[in-house]
Amino acid sequence: MDDIVPTNRGNREVFGHLAEHHMITMFTDMPTTPKGKWILEKARQVDQEKIKQIINIQLDYNNIEVELTNPTITVGRRAYLKRQLSSYAYVLNELRKDSVWYSEASSLDNIQILGVDQIKQWRRGMDWPEFQASVLNKQVVHSDNGFYALLDTDIHTYDDFDYGYIEGLGIHLPNGTLNDCRKDRDLIKNKPLEISMDYNASINSLVIGQETERFFRVLKSMFATNKEKKILPDLIDDFCAYYRYHNCHEVNYYYDHTAIGTDSTRLESLADIVSNQLIKKGWTVRRCYIGQQPRHAIRYHMWQAVLKESDPKYKPIRFNRENSKSVLTSMQLAGVRVGKNGFEKDKRSEANRLIPQEDATHLSDAMDTLYIGKFRNSYGYQPEVGGFITS
């Protein structure tokens, strides 16, 4: 990419008025290593409102073209439609200038053309992660020997959209335009939300869940970065905006010792800032202080037990695949190393400027706090010793 972009230059004074001039189109398999994740950043550059306008105007444009093929329309109507086409073409050209579009598709979308035998042949000839990325177009970025090594997106994730609500809107909307909880069928409507956070100068992270009879479900993950000029209250505002249609405006807020201190830059603790902003937005907050965060080795073995699902003492976990992408990526990329107290989460990604902070270990730390906070009483967590009572 660095070699190609500089060659795309010149002649703007002649063709600069055309949206397609200097347009770049990229096609690639889903990346399987952190180095290739730059392509996924394009999704965040999409202006969904602009894309929605382009799609709907283009649909009107296409309908006019179809009507013009009708030999029975009057001369006056034909002239009017041609003026409309010219007007729409101008608007579309202006909207498309400097716009970004990102789309993901699976080879299964073309199965009628490719054929089932071709898919089977690829499956026989490819390793499973390669097949997932190249054919199924799934995100399988991972870190070898990870802190959450047993996390398996085939087992621990699910999809659950409310297609009735989406289709009931009756208009064509690109992916990402619907950005509130009405599309989430997994949300238990009359039940409080369980939340936890991680706090950092470069990024603030938030993970949201609810417990069901069989699983603890991670409904969504969110973050706000200083690159976006967003701070902690902005993230809380984003949360409240997303869940404004949830009928139970109550949260159980889990936080550890890192959220209770103050310093010269603020008179309120981080936990106070979060709670007060939620209350200001009309939410009821139940504060759940978990004390000292368990040592990394304790968390490492806890997650092994949770994800393996062989010990009935630990509640199995499931992640909403679409809404929890950021926390899943953070967990998949979290490495492990051996320290003086045993296994430790490799936190060096948080200081690496080449790694987007949403891919670093921040969101995984928020996930640790959420699970420990929710089940600390069930599992006998003792803040004094930073671990769980084992039988």
>> Of everything in region 90-110, what is under 26 Å from Lys42 (Cβ atoms) and either among the basic types (Lys, Arg) or outside any loop (DSSP other than H, G, I, E, B) (or both)? Give them in sequence order.
In response: Val91, Leu92, Asn93, Glu94, Leu95, Arg96, Lys97, Ser107, Leu108, Asp109, Asn110
> Assuming Tyr314 fulfils every condition listed in (1) free of Cβ contacts under 8 Å to residues at least 40 places away in the same chain; (2) more than 17 Å from Gly146 (Cβ to Cβ); (3) of a type in the set (Ser, Thr, Tyr); (4) touching a helix residue (DSSP H, G or I) at 6+ places or on another chain (Cβ under 8 Å) apart from one, which condition is it?
Replying inline: (1)
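From the residues in region 50-77 that are more than 25 Å from Leu95 (Cβ to Cβ) and surrounded by 13 or more Cβ atoms within 10 Å (Cβ to Cβ), which one is farthest from the chain's Cα centre (by Cα)? Please lay out each step first, then the result.
Initially, region 50-77 is screened for residues more than 25 Å from Leu95 (Cβ to Cβ), giving 69-77.
When the remaining residues are screened for being surrounded by 13 or more Cβ atoms within 10 Å (Cβ to Cβ), the result is 73, 77.
Values: Ile73: 49, Arg77: 47 Å.
Checked region 50-77; the qualifying residue farthest from the chain's Cα centre (by Cα) is Ile73.
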>> Cβ-Cβ under 6 Å, sequence separation 6+ or interchain: first residue in region 104-119 and under 9 Å from Asn137 (Cβ atoms), partner surrounded by 12 or more Cβ atoms within 10 Å (Cβ to Cβ). Which pairs?
In response: Glu104/Asn137; Ser106/Leu136; Ser106/Asn137; Ser107/Val135
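Residue-by-condition table, conditions (1) closer than 22 Å to Lys183 by Cβ; (2) buried (at least 21 other Cβ atoms within 10 Å of the Cβ); (3) in contact (Cβ under 8 Å) with a residue 40 or more places away in the chain:
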position: Phe319; (1), (2), (3): yes, yes, yes
position: Asn323; (1), (2), (3): yes, yes, yes
position: Val336; (1), (2), (3): no, no, yes
position: Ser349; (1), (2), (3): no, yes, no
>> I'd like the full set of residues that are surrounded by 20 or more Cβ atoms within 10 Å (Cβ to Cβ) and either within 18 Å of the chain's Cα centre (by Cα) or more than 17 Å from Ile195 (Cα to Cα) (or both), limited to region 280-295.
In response: Pro294
> Pairs, please: C-beta under 8 Å, at least 6 apart or cross-chain, first residue among the charged types (D, E, K, R) and in region 55-76, second assigned to a helix (DSSP H, G or I)?
Replying inline: Asp60/Tyr88; Glu65/Leu85; Glu67/Leu81
> For region 244-271, which residues satisfy the criterion of being more than 22 Å from the chain's Cα centre (by Cα) and of a type in the set (Lys, Arg)?
Replying inline: Arg266
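Residues checked against (1) at pLDDT below 85; (2) in a strand (DSSP E or B):
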{"position": "Leu328", "(1), (2)": "no, no"}
{"position": "Met331", "(1), (2)": "no, no"}
{"position": "Phe343", "(1), (2)": "no, yes"}
{"position": "Glu350", "(1), (2)": "no, no"}
{"position": "Arg353", "(1), (2)": "yes, no"}
{"position": "Ser364", "(1), (2)": "no, no"}
{"position": "Met367", "(1), (2)": "no, no"}
{"position": "Leu370", "(1), (2)": "no, no"}
{"position": "Phe375", "(1), (2)": "no, no"}
> Residues in region 217-236: is at least one touching a strand residue (DSSP E or B) at 6+ places or on another chain (Cβ under 7 Å), within 16 Å of Tyr371 (Cβ to Cβ) and among the aliphatic types (A, V, I, L, M)?
Replying inline: yes
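The values are calculated or read from the model by the stated rules, or taken from the named source; none is laboratory data. In this text the structure is predicted, and so the values were computed from the model without any measurement. In this analysis, Cβ positions are derived from the backbone assuming ideal geometry, glycine residues included, and neighbour counts consider all displayed protein chains.
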